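Structure first, then comments.
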Amino acid sequence: MSRRLPKEQYEHTLSYRVKEWLKGTKDPFLGNVEMKPQKEFQEDRKTIVRRDREKKRLFEQIYDIKHNPEIRIFRRAYNIFSVLFCLFLVTMLLLAVSDLPKFGNASNPVNNEVAARYIENGLQETGAVNIVTGMILDYRAFDTLGESHVLFVATCTVLILLRLDGDKKGRSGVGYVMENDRIYEPKNDMILQTVARIVVPPIFIFGIYIILCGHLGPGGGFSGGAVIGAGLILYLNAFGFAKTERFFTQKTYRRTSFCALACYALCKSYSFYTGANHLESGIPLGTPGAILSSGLILILNICVGIVVAGTMYTFYVMFRKGDY
Amino acid sequence: MAFVQNFPFMSIILSLFAGPLSSVLGGKKAKWLNLAVISIIGAMSVAVLVFVAVTDEAFVYTMGHFPAPWGNEIRVGILEAFMAVFFCLIMLLCMLGGVFEREEEIEDTKQNLYYVMVNMLLCSLLALIYTNDLFTAYVFVEINTISACGLIMIKQNGRTLEAATRYMIMSLMGSGLLLLGICFLYGLTGHLLMSNIKEQVALLHAGGEYTVPLLISLGLMSTGLAIKSALFPFHSWLPDAYGYSTLSSAAILSSLVSKGYIFLLVKIFFRVFGFGIVRDSKVVNVLFVFGIAGMIMGSISAIWENNIRRMIAYSSVAQIGYIYMGFGLGTTAGVIASIYHIVCHAATKSLLFVAASGLTDVSGDSTKFLDLTGAGYRNKLAGVAFTVGSLSMVGIPMFSGFISKLLFAQAGMESRNKMLLTLIALAISTILNAVYFMKTVIRIYTPVPAEITREKGYITMKARERLPKSAALICFIILNLVLGLSSEPIITLFRRGLAMFA
């Protein structure tokens, strides 16, 4: 086949580069991607010695193993008793399970008027096509209110444990961690960044879709929030803190989660109050199947989604850096 | 429907709302918000208590537009309302008593997180008290566990972190067992609402069906809650968690958190299974044995202890043993004695923790016994308060502990085959209690020569300094005397409340 283009021009075309890449003569990433291998985790002698010394001190002075018969006996008996206990628990639970009503049997006690009403009247009463969402956010909304606060408390506990505050010096100080955040990872990984650039927007959109359509199909605040949180984490991994901190900092997290939880609590206290006092709530259920339907469920799903996404992201950041 | 009937729901939501709000406020504002929330909820609970006591009828409050068993509901009787009032009061005093320690020991930027934890803890306690639904109870048990863990580790040093880890593991084990028990029960009855489960369980029991899974689910739930409230063989998380955490955490944990679980267990016994079935199942006998073991072993560990905070913590193990022994008697009188002891122990243990910190303040912040010599002269109010607490724990008349011991002994006399064991255990445990508490009281009132005081840098403190702590101590002393001197109306209230449970 004759070549229409001169050789220099041909070398700039896409087909030439693809051909070269297929043949393996030239790797387009070579030289462009940072190929420095990750630094292996190494400890210097001093820290090893110090750790050993501390461990020894723990056993000798704090637990006082030599002069503490209680612990000595405990250590000996521990293995035996743990095995015995596990066997006992396993036998007991198996015994109980074998006596339970058979799974899937129509006459089981769980198939009673409670489940029947959820299934038969769920759509009319809550306006949610997805009965599970109707159940957790309308019938049993108090439980879910508690459950979303479990996430919030868990994040606060992680903040207590891992957030680095003040100006501690040395390896645990904020400055050290900030500077050395990426020691063990390559910077600006092109593959990761390219993939993230393509994948992150669909992930966000998918997460938002799951949240917004939680009352129409499978999904809801918890799962959609988790998807958005995963997207945030991927974005952070690809582009680093400098980019994410332009739109998401600890202050943002605290404010959004406060607003979401407060909104949730207010909405639900309104419906609890009206429900218990036999007042009309005045919230229209809309046509089942439409996005704007099923009363408060959509708003509650959005609130839960915000809390879950923030929680996931905050957990990740706390374990990685301790501050943001 | 009277407006007062909205108050239990409002107090749960108010404390739930105050949690996230504290996280956006600064430390100082969060502190005031927390005090305000506890006081408002306490006042509302008093109104509820008066309302229920006057109408003499428990009421059910539907959470939402759907009646239970489809929706959630809470149920308020005399006992529930009394516990809410009492828990708010104790929590308020604990928070007051520990103000200085909190400001010293917690990093400035994390102050507000502490109040997040306290608000959420209060919310979960209220929900545990009021709930009429087992799954709601489980959700709030989770909140309770996590926030208690946060309270332990907010003072960050090696000991508290280890204590928090240990607490987390043990406590999650307890939650897991509780959840398993709830699952079994749901599979057998198809309900999560306590009243409906009770009907179904009664039917199953009468028909003799599913005896083994029912028994196992009762056992799992009792064990789970026993682990979480530190019954004797599961107490290993307790001394470190109470001994090294910041003062108000230790006081709240010992007096409220474990009591919330015990109250849930009472609800499970009376409102889920029915006490007759529980008594027939012999689970109470197991609790009885472990309760007695706890009474003795906890006291023995306390005698060996050389650190005053840990000694008080081990004393908690013994007192939890008393409470479970009362359940183990299997009579209503025993349960009433236990509930009285819940109240008495909550009032006394928090008093002891606050008083002990008053004593260590003037002894160079050392918790060792040797350094506490003569501390009762250096901080007179704390000395008096510690003495009152000790006398109450030992069971001297006039103080609250005497009444609960008396009730236990009376309940023990009624039960035929457990009488001897109960009385012997009470006698031994009282002597052991006296050994370690009187040892401490004698030590804090042993004068030390002036040169040692100077050399060790001991200081003298008047009640005017650290005013909140002194106020809390005085309130605690009054509370103890009230519980000890006018116990009859309270016991009548409990009796009426327990009758409402069924």
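The values are calculated or read from the model by the stated rules, or taken from the named source; none is laboratory data. None of the values given here were measured: they were computed from a predicted structure. Counting neighbours? That spans all protein chains shown, and the Cβs are built from the backbone with ideal geometry, glycine included.
In the stretch B:7-29 there is no residue that is over 23 Å from the mean Cα position of the chain (by Cα), surrounded by 21 or more Cβ atoms within 10 Å (Cβ to Cβ), within 9 Å of chain A (Cβ to nearest Cβ) and under 15 Å from B:Y130 (Cβ atoms). Determine if the stretch B:351-362 includes at least one residue that is within 29 Å of B:L192 (Cβ to Cβ), polar (S, T, N, Q), in a helix (DSSP H, G or I) and more than 22 Å from the chain's Cα centre (by Cα). Within the stretch B:351-362 (the criterion being within 29 Å of B:L192 (Cβ to Cβ), polar (S, T, N, Q), in a helix (DSSP H, G or I) and more than 22 Å from the chain's Cα centre (by Cα)), the answer is no, since none of the residues qualifies. Condition first: assigned by TED's automatic domain parsing to the domain that holds A:V153 and either within 17 Å of A:V153 (Cα to Cα) or crowded, with 24+ Cβ neighbours inside 10 Å (or both). Can you find one or more residues in the stretch A:270-289 that meet it? Yes, the stretch A:270-289 contains at least one residue that is assigned by TED's automatic domain parsing to the domain that holds A:V153 and either within 17 Å of A:V153 (Cα to Cα) or crowded, with 24+ Cβ neighbours inside 10 Å (or both). Evaluated against (1) within 18 Å of the chain's Cα centre (by Cα); (2) under 30 Å from B:T373 (Cβ atoms); (3) not hydrophobic (A, V, I, L, M, F, W, C), B:N306 falls short on exactly one condition, (1).
Criterion applied to B:A137, B:A163, B:A127, B:A148 was being in contact (Cβ under 8 Å) with a residue 60 or more places away in the chain and under 19 Å from B:L21 (Cβ atoms), and the one residue passing it is B:A127. When residues in the stretch B:75-113 are screened for being over 19 Å from the mean Cα position of the chain (by Cα) and either away from chain A (no Cβ under 11 Å) or acidic (D, E) (or both), 12 of them pass.
When the stretch B:397-412 is filtered for residues that are under 15 Å from B:T332 (Cβ atoms) and surrounded by 14 or more Cβ atoms within 10 Å (Cβ to Cβ), the ones remaining, listed by number, are B:L407, B:F408, B:A411, B:G412.
Residue check: A:V177 meets all listed conditions (1) part of a helix (DSSP H, G or I); (2) within 30 Å of A:I291 (Cβ to Cβ); (3) at pLDDT below 90; (4) of a type in the set (A, V, I, L, M, F, W, C) but one, namely (2).
Of everything listed in (1) buried (at least 22 other Cβ atoms within 10 Å of the Cβ); (2) of a type in the set (S, T, Y); (3) over 26 Å from the mean Cα position of the chain (by Cα), the single unmet condition for B:S45 is (3). Counting the residues of the stretch B:186-200 that are part of a helix (DSSP H, G or I) and facing chain A (nearest Cβ under 10 Å) gives 6. Selection of the stretch B:119-154 for residues being β-branched (V, I, T) and facing another protein chain (nearest Cβ under 7 Å) yields B:T136, B:V139, B:I143, B:I146, B:I154. Going by what's in this entry, would B:I459 be described as surrounded by fewer than 16 Cβ atoms within 10 Å (Cβ to Cβ) and modelled with pLDDT of 90 or more? Spelling it out, it is not the case that B:I459 is surrounded by fewer than 16 Cβ atoms within 10 Å (Cβ to Cβ) and modelled with pLDDT of 90 or more. Restricted to helices (runs of 4 or more DSSP H) entirely inside the stretch A:209-306, those with at least 1 residues that are within 14 Å of chain B (Cβ to nearest Cβ) and out of contact with any His (no Cβ under 8 Å at 6 or more places or on another chain) are A:221-239, A:250-276. Put simply, of B:G187, B:G158, B:G224 the only residue that is in contact (Cβ under 8 Å) with a residue 24 or more places away in the chain, surrounded by fewer than 24 Cβ atoms within 10 Å (Cβ to Cβ) and not aliphatic (A, V, I, L, M) is B:G187.
Residues in the stretch A:60-84 that are among the aliphatic types (A, V, I, L, M) and surrounded by 10 or more Cβ atoms within 10 Å (Cβ to Cβ): A:I62, A:I65, A:I71, A:I73, A:A77, A:V83, A:L84. Considering only residues of the stretch B:156-185 that are within 10 Å of chain A (Cβ to nearest Cβ) and charged (D, E, K, R), which is farthest from A:A106 (Cα to Cα)? Among those that are within 10 Å of chain A (Cβ to nearest Cβ) and charged (D, E, K, R), it is B:R159.
On the basis of being of a type in the set (S, T, Y), assigned to a helix (DSSP H, G or I) and surrounded by fewer than 24 Cβ atoms within 10 Å (Cβ to Cβ), does B:T387 make the cut? Yes; evaluated as a whole, the condition is true for this residue. Here A:L87 clears all of (1) at pLDDT below 85; (2) exposed (fewer than 13 other Cβ atoms within 10 Å of the Cβ); (3) more than 8 Å from chain B (Cβ to nearest Cβ) except the condition numbered (1). The set of residues in the stretch B:278-288 that are surrounded by fewer than 20 Cβ atoms within 10 Å (Cβ to Cβ) and either in a helix (DSSP H, G or I) or of a type outside the set (G, A, S) (or both) comprises B:R279, B:D280, B:K282, B:N285, B:V286. Per this entry, B:M1 is not counted among residues that are without any contact (Cβ under 8 Å) to a residue 60 or more places away in the chain, within 14 Å of chain A (Cβ to nearest Cβ) and either closer than 27 Å to B:L247 by Cα or surrounded by 24 or more Cβ atoms within 10 Å (Cβ to Cβ) (or both). Evaluate the following for A:F103: is it of a type in the set (F, W, Y), surrounded by fewer than 15 Cβ atoms within 10 Å (Cβ to Cβ) and either at negative phi or not assigned by TED's automatic domain parsing to the domain that holds A:L285 (or both)? Criteria met by A:F103. Within the stretch A:93-112, none of the residues are at pLDDT below 85, among the aliphatic types (A, V, I, L, M), under 28 Å from A:Y313 (Cβ atoms) and part of a loop (DSSP other than H, G, I, E, B). Is it true that B:F327 is in contact with a Gly (Cβ under 7 Å, 6 or more places away or on another chain), within 26 Å of B:I396 (Cβ to Cβ), in contact (Cβ under 8 Å) with a residue 24 or more places away in the chain and surrounded by 24 or more Cβ atoms within 10 Å (Cβ to Cβ)? Yes: the conditions hold for B:F327. Among the residues of the stretch B:114-137, write down those that are more than 12 Å from B:S248 (Cα to Cα), buried (at least 22 other Cβ atoms within 10 Å of the Cβ) and over 18 Å from the mean Cα position of the chain (by Cα). If the condition is that a residue be more than 12 Å from B:S248 (Cα to Cα), buried (at least 22 other Cβ atoms within 10 Å of the Cβ) and over 18 Å from the mean Cα position of the chain (by Cα), then B:V116, B:N132, B:D133, B:L134, B:T136 are the ones that fit.
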